[in-house]
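The values are calculated or read from the model by the stated rules, or taken from the named source; none is laboratory data. Since the model is a prediction, treat every value here as computed from it, not as a measurement. Don't worry about glycine lacking a Cβ; one is built from the backbone with ideal geometry, like all the others, and counts go over all protein chains shown.
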Amino acid sequence: MSKTLYDKIWQSHLINEQDDGTSLIYIDRHLVHEVTSPQAFEGLRLSNRKVNSPKRTLAVADHNVPTLDRELGIKEEDSRIQVEELDKNVEEFQIPYFNMNDTRQGIVHVIGPEQGFTQPGMTIVCGDSHTATHGAFGSLAFGIGTSEVEHVLATQTLIQKKAMNMLINITGNLDKIVTSKDLILYIIGKIGTAGGTGCVIEYSGNALRDMSMESRMTICNMSIEAGARAGMIAPDDITFNYLYEKPMAPKNEDWDKAVNWWKTLPSDSGAKFDKIVDIDATKVTQTITWGTSPEEIVSIDGTVPNPDKISDEVKQNKIKRSIEYMGLTPGQKISDVEINTVFIGSCTNSRIEDIRSAAEIIKGKKVSTSVKALVVPGSGLVKKQAEEEGLDVIFKHAGFEWREPGCSMCLAMNSDKLNEGDRCASTSNRNFEGRQGKGGRTHLVSPEIAAASAITGKLTDPRNVT
Amino acid sequence: MEKFNTFKGIAAPFNILNVDTDKIIPKQFLTTIKRTGLGKHVFDEMRYKKDGSENPNFVLNQKPYDKTNILIAGDNFGCGSSREHAPWALKDFGIKCIISTSFADIFYNNSFKNGLLPIMVTKDERDALLEDAKDKENPEIEIDLENQEIRRPNGGKIKFKIDPFRKKCLLEGLDDIGLTELHENKIKSFEESRSIKHPWL
């Protein structure tokens, strides 16, 4: 029988299945960070359990680490305790760890792929909803809660039920100016934040085949914003080339065996999907969010919607509330909206390609005097690479701050946060109320639009700053 | 885990679309290393004014809803981050059951691991329960998991579906890890065959 990529990975990891479909699946890789793990380690200690497979586990501190003056340690007591707790736990349970001062440290979803810890055909979990990022390699990767973190640490398995197969088929080609961030925001706008609930999404189409791994990761990363626990893209030569000679990737004859196996993973022709959505790539424009839900999108040349035109009362109230919180007016041109903060970073857009694209636009220009702008590379290695290419100089010269790696202002658990009323063009993934700081306003954008907006002080089409 | 018994409790109307986990428990409270004590921060930004005092317009600050055990919620409740702090905070506040038309997957999963029952009903059923909850004089609803039944204040009943395994775990207060450890031999033989077939994994 024809199988999807998801079917194949699911079946090859199935250890036990009950009559009602409740299944025990094997977990190949587990990424651990400081925020969602302390209670899990405490649970292990209380029940006298060990970590089943430390070598399949990789820990890093990313959510609350400072991006400035790191050598001085963490100022905020709660955050410091949480990171110290991780230091102690990885020591006690013998888990591989990139500590805060390791060059390989960075956002958990940046370092996994970068080290080759992430590979096709694997099941990968982490106590973080953006684990879907790793699906770009043709793996089944999803976020879990802390109880499940404890379960994986103790048993290297998870109790799951199989999700539905959903195909998002992208037909035609994207305009050159349109990025993978624009595409995923456009898709979320089409299917809504609950559009993928109960499903694993497979993205397919020629437009993806031409994309780099970095761009594919941006797409899979935001699957959770469309309600899906996981998003995946079939592996191909671009995937294999990316992984080749990565520190934790298979070597020598194992590499050849692995590649042969990886090539069998893509969905068979005629495989059955429970839901299919077609996206016409030629209709996708440069897309950003205007509101406080990732589905509240607008084209960079578009306008803020008018809630009076919406008949459903609950939806109308949601849009009214978003407009009020965002301090906008119905019908307002989005390119007239002034911003005072620009954040280039997060597990969605902090990889070398993102930083290069933004630098390209910034080169030789200055950040508007009304704007505070920062670049937070996704990892120490991304930062190093960018510095070798001289990109840090371009940013600093333009007036950007060049920071140390971490989650930073995406969720503002460290001191990088918006103040009440600040408005930010952010390359991150969530624009919820208060996400980047209480009372802060977030517009989700591509690195290119973030860079252009930093120069003009308004949400700006990058073509208008050349 | 504590066993989930039939109970009668105050239901609060909470018909907001796409309530995300940042809204349920904002990030400034995620630095805890414990599971308890988050109840005072649940829905922080809606619940408290800038000066830290309670916002009297927020439903859970009003009587009798300050003693709510059941939320009658809007569509797609619990979307966003995987933080288990969301069900921990709701549970710590006293909420034992959330009724909606739909839930985000991770939140749904996390709730069961913490003895918090998410119930999915149709839109019409949810809307009827919202009306029940709005009656401040008599907002009590009974939740009977064993019989998969919601009993309304007017004596009406709403049946609901639930995964049989999850139901059993809640009713008996079973620990997932303990259950999985019963499959230890199967896990071991799976690992062995895997290390031969795909040694790099």
What number of residues within segment B:1-15 satisfy the criterion of being part of a loop (DSSP other than H, G, I, E, B), of a type in the set (A, V, I, L, M, F, W, C) and surrounded by fewer than 20 Cβ atoms within 10 Å (Cβ to Cβ)? 1
Contacts under 8 angstrom Cβ, first residue in segment B:174-191 being assigned to a helix (DSSP H, G or I), partner of a type in the set (Phe, Trp, Tyr), 6 or more apart: B:Ile187/A:Tyr26; B:Phe190/A:Tyr26; B:Glu191/A:Tyr26
Among the residues of segment A:218-229, are any in a helix (DSSP H, G or I), in contact with a Leu (Cβ under 8 Å, 6 or more places away or on another chain) and closer than 17 Å to B:Asp20 by Cα? yes
Do you know which residues across segment A:244-258 are within 11 Å of chain B (Cβ to nearest Cβ) and either in contact with a helix residue (DSSP H, G or I) (Cβ under 8 Å, 6 or more places away or on another chain) or of a type in the set (D, E, K, R) (or both)? A:Met248, A:Ala249, A:Pro250, A:Lys251, A:Glu253, A:Asp254, A:Asp256, A:Lys257
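Okay, residues lined up against (1) part of a loop (DSSP other than H, G, I, E, B); (2) within 12 Å of chain A (Cβ to nearest Cβ); (3) under 20 Å from A:His33 (Cβ atoms); (4) in contact with a Gly (Cβ under 8 Å, 6 or more places away or on another chain):
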| site | (1), (2), (3), (4) |
| --- | --- |
| B:Asp22 | no, yes, yes, yes |
| B:Thr32 | yes, yes, yes, no |
| B:Lys40 | no, no, no, no |
| B:Leu60 | no, no, no, no |
| B:Asp75 | yes, yes, no, no |
| B:Ser82 | yes, yes, yes, yes |
| B:Trp88 | no, yes, yes, no |
Residues that are basic (Lys, Arg), touching a residue at least 12 places away in the same chain (Cβ under 8 Å) and surrounded by fewer than 23 Cβ atoms within 10 Å (Cβ to Cβ): does segment B:70-90 have at least one? no
Of the conditions (1) of a type outside the set (Asp, Glu); (2) away from chain A (no Cβ under 14 Å); (3) assigned to a strand (DSSP E or B), B:Pro56 satisfies every one except a single condition; which number is it? (3)
Residue count for segment A:5-52, restricted to those that are within 11 Å of chain B (Cβ to nearest Cβ), basic (Lys, Arg) and over 24 Å from A:Ala163 (Cβ atoms): 1
Being free of Cβ contacts under 8 Å to residues at least 40 places away in the same chain and within 14 Å of another protein chain (Cβ to nearest Cβ) is the requirement here; does A:Gly198 meet it? yes
Tell me which residues, restricted to segment A:153-167, are outside any strand (DSSP E or B), more than 9 Å from chain B (Cβ to nearest Cβ) and surrounded by 21 or more Cβ atoms within 10 Å (Cβ to Cβ). A:Leu153
Determine if segment B:163-170 includes at least one residue that is more than 22 Å from B:Val59 (Cβ to Cβ), over 19 Å from the mean Cα position of the chain (by Cα), within 9 Å of another protein chain (Cβ to nearest Cβ) and crowded, with 17+ Cβ neighbours inside 10 Å. no
Those residues of segment A:1-22 which are under 17 Å from A:Met122 (Cα atoms) and among the hydroxyl-bearing types (Ser, Thr, Tyr) amount to A:Thr4, A:Tyr6, A:Ser12
Any idea how many residues of segment A:15-45 are in contact with a Ser or Thr (Cβ under 9 Å, 6 or more places away or on another chain) and in contact (Cβ under 8 Å) with a residue 12 or more places away in the chain? 18
Evaluate the following for A:Asn241: is it within 14 Å of another protein chain (Cβ to nearest Cβ) and without any contact (Cβ under 8 Å) to a residue 60 or more places away in the chain? no
Run down A:Ile177, A:Ile188, A:Ile111 and say which single residue is farther than 22 Å from A:Lys8 by Cα, in a helix (DSSP H, G or I) and more than 14 Å from chain B (Cβ to nearest Cβ). A:Ile111
Name every residue in segment A:71-97 that is over 24 Å from the mean Cα position of the chain (by Cα), surrounded by 15 or more Cβ atoms within 10 Å (Cβ to Cβ), in a helix (DSSP H, G or I) and of a type outside the set (A, V, I, L, M), in order of residue number. A:Asp78, A:Arg80, A:Glu84, A:Glu85, A:Asp87, A:Asn89, A:Phe93
Residue check, A:Lys383 buried (at least 19 other Cβ atoms within 10 Å of the Cβ), basic (Lys, Arg) and within 14 Å of another protein chain (Cβ to nearest Cβ): no
Scan A:Glu338, A:Glu313 and give me the residue that is surrounded by fewer than 21 Cβ atoms within 10 Å (Cβ to Cβ) and modelled with pLDDT under 95. A:Glu313
Of all residues in segment B:51-68 being in contact with a helix residue (DSSP H, G or I) (Cβ under 7 Å, 6 or more places away or on another chain) and of a type in the set (S, T, N, Q), which is farthest from B:Phe14 (Cα to Cα)? B:Asn55
Considering only segment A:269-321, give the strands (runs of 3 or more DSSP E) lying wholly within it that have at least 3 residues that are touching a strand residue (DSSP E or B) at 6+ places or on another chain (Cβ under 8 Å) and not β-branched (Val, Ile, Thr). A:275-280
